[in-house]
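Values in this text are rule-based calculations from the coordinates and carry no lab data. Keep in mind the model is a prediction, meaning the values are calculated, not measured. A quick note on method: Cβ atoms are made from the backbone with ideal geometry, for glycine too, and the neighbour counts reach across all protein chains shown.
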Amino acid sequence: MSLDPVKVMKGQDPMALSSPLASNGDSKASWEESEGFCDGLGPKKPKSGPVRRARKVEGGIFFPKPENAVTIAVSSRVLFRTEKEQKVFEEKGVEEYIKYQMEHENEPFAPGPAFPFVKALETVNARLRELYPDSEELFDIVLVTYNHAHVGVRLINTINHHNLFIERFCMTGGSSPIGYLKAWHTNLYLSADAEKVQEALAQGIAAATMFMPEKQIEVSETQLRVAFDGDAVLFSDESERIFKAHGLDKFFEHERENENTLLDHGPLKGFLEALGKLQKKFYAKGHRLDCPIRTYLVTARSAASSGIRALKTLRAWGLEIDEALFLAGAPKGPMLEKIRPHIYFDDQMFHVEGAVEMGTIAAHVPYGIAQKYPHKKGTNFAK
Amino acid sequence: MDPDVQESAETQQSGSALVTAVSCHDIFDLSACQTDSSPLAKGAAFSFINAVQAVNQRLVKHNANEMLRFEVILLGKDCEEQIKSKIFDSAKHYGLKIGKFYFCSRGEFVRTLQANNAKLFLSTDRDDVYGALKAGVPAALLCQQADQQVQEQLKVLFSGDLIGLSEDVIDGLKDFGFSAVQIQNFKAAKGCIQEFAALIGEMRKRFGCKDSPLQTILITVLGSRDVCATALKTLRGWGLDVDEAFCLAGAPRNPILTTIQPHILWDDGLHNMKGVLPLMDMSS
């Protein structure tokens, strides 16, 4: 039972790091806690903390400061499969649920819809650590659940069983996790609970509800693939609104007239930006062709017409997307099946369900006008 | 100065009560003291008393003969005579159910705690807390609440590092830049925490999962997830199943603590660390 002989990292000047990657626009990157919580009360005393001796880290795994990393918060229900337990909770109440969890404490949960995504994030981290051993610009995965801590041991046993690199978690025992999402500078929050996701979106945190595919198609183990819908995900829902209110022709007209006006940003723009920053780190070391992160735009817009505005907007934002697929209204399912993303974000449940049916891991972003006017199944529109 | 004791009509049967000693300075603002008869202003941790009384009320509601309750005693160090009576009157004015008031000199306060079988001493002053811990009196930090008015639950926060890290690991902490004093404080706290945890655990069992006036929380800052798991199991062995658990793996704890807003914080003394820390593990 001895301590890992990991040496301590040399303190770095926070300003030397590139700007932090928080999606909520927060730009604090302070390394030192100026006012300690519960400090500063009572008579003032000189600080008794020791001066850190500067030593270099070698091969030790350290965990980055949340504001410097791309923080992904996942709930236990999307990281693992907990349907059985969920049923106990819904049918018999919280006390029985906790009893059940404790009785099955040594049985690890099976992987859930976010599991491949988290594994892929770890793969990227491993590559980043090889190339930039001292950098804090990594993915930081935090388990954020409103489970009671009684379930904690089972969750930790499961993480150990699957050999995941998750050391950070919040079990809020029933209270809202939103405050903690902010404290962790969360860049993306994935949950099974649509309400919590909506709350997070309202607070400016990128968030999506995940669904378990019925059949599971294999995804890459070496390359993280993230696919985004365009309107109301990367971009605002302004064009979506025109389409829903005035129909297809008006939509086309509007897009043509406003071709050179940038679209406003949507809830997942920040996350795409964060991915882009990490991609550039690979390019800088000559890994453009075998970059372990690949991004996709999968939109119903048409390449020749309405898609132009989307591309111009992305360009103006300085965001590179690896593949842009303009489907002109064709179903997204088959295309996604070819891409096999670790996660696909769409604002319309219709598309999410379609993707999930074909085995794609899809996440619903409950944002914008589409939530009020759900798409009717069976209609196909070329945008 | 000899220890001064004033007892009010609120004295309960001590027996199995959780005798909690709190510093006067924290409950009342003793700096701006008027000579008139107006009561003292509320101190930094005044809301703690309200939260404790809410717990007691609920305990008695469940069982009118409940013996396991918080029994708050106030401790005043080096207080002048006029302050003493002001404290007594102010407590009455605010309707605080405080059993005993002890006034002693700075040097006497630990002995006073021991003499009165205090199961817990709370103060916002770290030095006082460590002084008590070194003498074997369970002590924790009393935290100021951001919003003094809103009081839903009494929140008790335990350190997962304190409970989960083993003795041999603790000695090795000096390799990470912690001072001998900090390691001493850590050990002192570790020695005292079990009894208090067991009492809180028992008290917590009186309430259900939801709507409890008492909330117990575990936070692990330096230790790995396995350290956190060990802490959870250890606490369970002592009779306490915490409600909330947080594992920070070296992340700054202020943002999380500010969100939690605990009243009682079992400090492990390992703070003011700058820079990135490697993860502390217990595994070989």
Simple label model, 7 Å out from Cα along Cβ direction - B:E80 to A:A304, nm: 9.2 nm
I want the local charge near B:C209. Using Cβ-Cβ distances under 9 Å, sum +1 for each Lys or Arg and -1 for each Asp or Glu among the other residues. -2
Evaluate E = 1/(1 + (r/R0)^6) for A:E323 and B:N117, where r is the Cβ-Cβ distance and R0 equals 60 Å; express this FRET efficiency to the nearest 0.05. 0.25
Whether the stretch B:154-283 is rounded, prolate or oblate, judged on the alpha carbon gyration tensor where a/c under 1.5 counts as rounded: prolate
Paramagnetic reach from A:N260 (point 7 Å along Cα→Cβ, amide N under 12 Å) across the stretch A:303-318: none
Once you've got the GNM for chain B with C-alpha springs shorter than 10 Å, pick whichever of B:G95, B:G76, B:G223 has the biggest mean-square fluctuation. B:G95
Neighbour-count order for A:W317, A:W184, fewest beta carbons within 10 angstrom listed first: A:W317, A:W184
Contour minus Cα-Cα distance for B:A135 and B:S16 (0.36 nm per residue): 40.7 nm
Potential lengthening between A:Q86 and A:A202 on full extension [0.36 nm per residue; Cα-Cα distance subtracted]: 39.2 nm
Starting from the Cα of B:E152, step 7 Å along the direction of its Cβ; do the same at A:V94; then give the gap between the two resulting points in nm. 1.0 nm
Among rounded, prolate and oblate, which fits the stretch A:255-383 when a ≥ b ≥ c are the square roots of the eigenvalues of its C-alpha gyration tensor, a/c under 1.5 means rounded, and a/b larger than b/c means prolate? oblate
For chain B, modelled as a GNM with alpha-carbon contacts under 10 angstrom, which of B:A41, B:A64, B:A249 fluctuates the most? B:A64
Taking beta carbons within 10 Å but only from partner chains, what does the mean come to for residues B:41-48? 1
Kindly provide the GluC sites (Glu not before Pro) of the stretch A:244-347 that DSSP labels as loop, not H, G, I, E or B, and whose Cβ sees at most 14 other Cβ atoms within 10 Å. A:E259, A:E320
Most mobile of B:C209, B:C79, B:C247 per a Gaussian network model of chain B (Cα springs, under 10 Å)? B:C209
Expressed as a whole number, the average count of other chain Cβ atoms within 10 Å around the Cβ atoms of A:144-156 is 5
On average, how many beta carbons from a partner chain sit within 10 Å of the beta carbon of a residue in A:94-103? 1
